[in-house]
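The values are calculated or read from the model by the stated rules, or taken from the named source; none is laboratory data. Computed from a prediction, not measured in an experiment: that's the story for all the values here. Here the Cβ is made from the backbone with ideal geometry for all residues, glycine too, and neighbour counts use every protein chain on show.
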Amino acid sequence: MNTKTFLTLITIIVISFTGCERVKQVIAPDVPAPDAVSTVKIGVIQPSGYYTGFAQGAELARIQINARGGVLGKQIEFIVMDNQGTRSVPDAAESVRIAKTLIEQEEVVAILGPIFSNNSIEVGPVVQQLQRPIIPGSAGDHVTAAGDFVFLVAPTTSAHGAVIAQFAIDLSELGATTAATIRQTESAYTESLTEAFEVNFRELGGKIVASEVYQVGDNTFDAQLTNIKAAAPDVIYIAGIIPDIHFVIAQAREIGIQAIFLGPGSWDESQKLFNTLTDNAPLEGVYFTADFSPEVPSAERFVQAYTALFTTPPDSAAASGYDAMSLLATAIEEVQTLNPAAVRDALSNITNYEGATFISHYNANRHPIKSVVINTIRDGQIALYKVVDP
């Protein structure tokens, strides 16, 4: 594809901006008026080693929006900062430091990210105090508890847990009546997911026969899997991240556990999902929830543009980054100001947003009302199994 053709493709992909009600335009004292800035600066908090599609999805949206003239007649400029560095996982304290730097020194009008719920929960009070809208790439229900400047773009952990519990009960191939769970400790994300799955599974008539935990970075699970094998569950729900989930599944198969494995959206990182084990056979037949699937017909234009730009299909993180930037631009254009409170109110009132995914509206907790996808791994590839509407 030549440069002219690619730029044409980027330009013709239009995001539908709908549903915001007008909010009174007021310029806050600490936010420059649009005419006083040459670019509109937006902060992006992105870990270097996890879910890098988030920043890439946001970048695609930025390119498209700038090709249409930007927002308020200004080009969007990203200030991207890494909250992981040489650490094994992104750091909450570093995320807080970055958020303060982005607002107080870089004077960004809003922030996209961070990814992990633990990080987003710590950043929330900062943006609330300094009054800047933030749209993390996190799913934890409690992420937005800090206040009304914090918005999710992905379905919540409670939505993921409820959907996969119902799926386990209903799917004829599973016919599950018993389940075990194993989760990473000290994670708001995995704790919320597991609680939602267990509560919903029990309410639907199922029985939780084992509930195990492990520490981040563990790669052997002998004690946990021995207990789970003795309980003989029909399904096992793993609330963890890559590569932990690979080691759990592979070791479970080695000791003869035949249960069907279920998981959450943290599994949806295809480049890592299939490049951790030397033999991916243990992953065959697992099911996991996700925020997005490239196989959904309405996502076709996003998938084409993202693949053209980054030479790989998008995943859930990429869709979240794309939608986060697009939603923010929608809100700014709707109120024609960079005033944080006005942009916040416009985000709250967005309805029927169509981008990489579809968001019906935001609820009172600033959680998006949207579908959850169920994927499976079939023949060594991620395949869409079902879309579950809210």
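Do you know which residues across the stretch 37-68 are in a helix (DSSP H, G or I), among the β-branched types (Val, Ile, Thr) and crowded, with 20+ Cβ neighbours inside 10 Å? Don't jump to the end; show me each part of the working.
Just the residues of the stretch 37-68 that are in a helix (DSSP H, G or I), to begin with: 53-67.
Subset that is among the β-branched types (Val, Ile, Thr): 63, 65.
Answer for the stretch 37-68, where residues must be in a helix (DSSP H, G or I), among the β-branched types (Val, Ile, Thr) and crowded, with 20+ Cβ neighbours inside 10 Å: just Ile65.
Go through the stretch 109-132 and give me each residue that's under 22 Å from the mean Cα position of the chain (by Cα) and either within 14 Å of Gln46 (Cβ to Cβ) or surrounded by fewer than 18 Cβ atoms within 10 Å (Cβ to Cβ) (or both). Walk me through it before giving the result.
Step one: filter the stretch 109-132 for residues under 22 Å from the mean Cα position of the chain (by Cα), giving 109-128, 132.
Passing the criteria: Ile111, Leu112, Gly113, Pro114, Ile115, Phe116, Asn119, Ser120, Val123, Pro125, Gln128.
Under 7 Å by Cβ, and 6 or more places apart or on different chains, what pairs join a residue from the stretch 68-96 that is at pLDDT below 95 with one that is of a type outside the set (S, T, N, Q) and exposed (fewer than 14 other Cβ atoms within 10 Å of the Cβ)?
The qualifying pairs are Ser88/Gly217.
Give the stretch 229-277 a look and list any residue that's of a type in the set (Ser, Thr, Tyr) and part of a loop (DSSP other than H, G, I, E, B), or say none. Give the steps one after another, and end with the answer.
Step one: of the stretch 229-277, the residues of a type in the set (Ser, Thr, Tyr) are 237, 266, 270, 276.
Thr276, the sole residue that qualifies.
Return a yes/no flag: does the stretch 172-189 have any residue that is closer than 30 Å to Ile42 by Cβ, of a type in the set (S, T, N, Q) and not assigned by TED's automatic domain parsing to the domain that holds Ile115. Let's see the steps before the verdict.
Pass one, the stretch 172-189, residues closer than 30 Å to Ile42 by Cβ: 187-189.
Restricting the remaining residues to those that are of a type in the set (S, T, N, Q) gives 187.
Add one more test, that the residue is not assigned by TED's automatic domain parsing to the domain that holds Ile115, and what stays is 187.
Yes, some residue in the stretch 172-189 is closer than 30 Å to Ile42 by Cβ, of a type in the set (S, T, N, Q) and not assigned by TED's automatic domain parsing to the domain that holds Ile115.
Could you list all residues from the stretch 332-350 that are of a type outside the set (S, T, N, Q) and over 21 Å from the mean Cα position of the chain (by Cα)? Explain how you work it out, then say what you get.
Step one: filter the stretch 332-350 for residues of a type outside the set (S, T, N, Q), giving 332-335, 338, 340-347, 350.
If the condition is that a residue be of a type outside the set (S, T, N, Q) and over 21 Å from the mean Cα position of the chain (by Cα), then Ile332, Glu333, Glu334, Val335, Leu338, Pro340, Ala341, Ala342, Val343, Asp345, Ala346 are the ones that fit.
Are there any strands (runs of 3 or more DSSP E) wholly within the stretch 278-390 with 3 or more residues that are surrounded by fewer than 24 Cβ atoms within 10 Å (Cβ to Cβ), and if so which? Give the derivation first.
Working: elements: 287-290, 351-354, 358-362, 372-378, 381-388.
Strands (runs of 3 or more DSSP E) meeting the threshold: 351-354, 358-362, 372-378, 381-388.
Could you list all residues from the stretch 72-86 that are of a type outside the set (Val, Ile, Thr) and under 23 Å from Ala146 (Cβ atoms)?
In the first step, residues of the stretch 72-86 are kept if they are of a type outside the set (Val, Ile, Thr); the result is 72-75, 77-78, 81-85.
Passing the criteria: Met81, Asp82, Asn83, Gln84.
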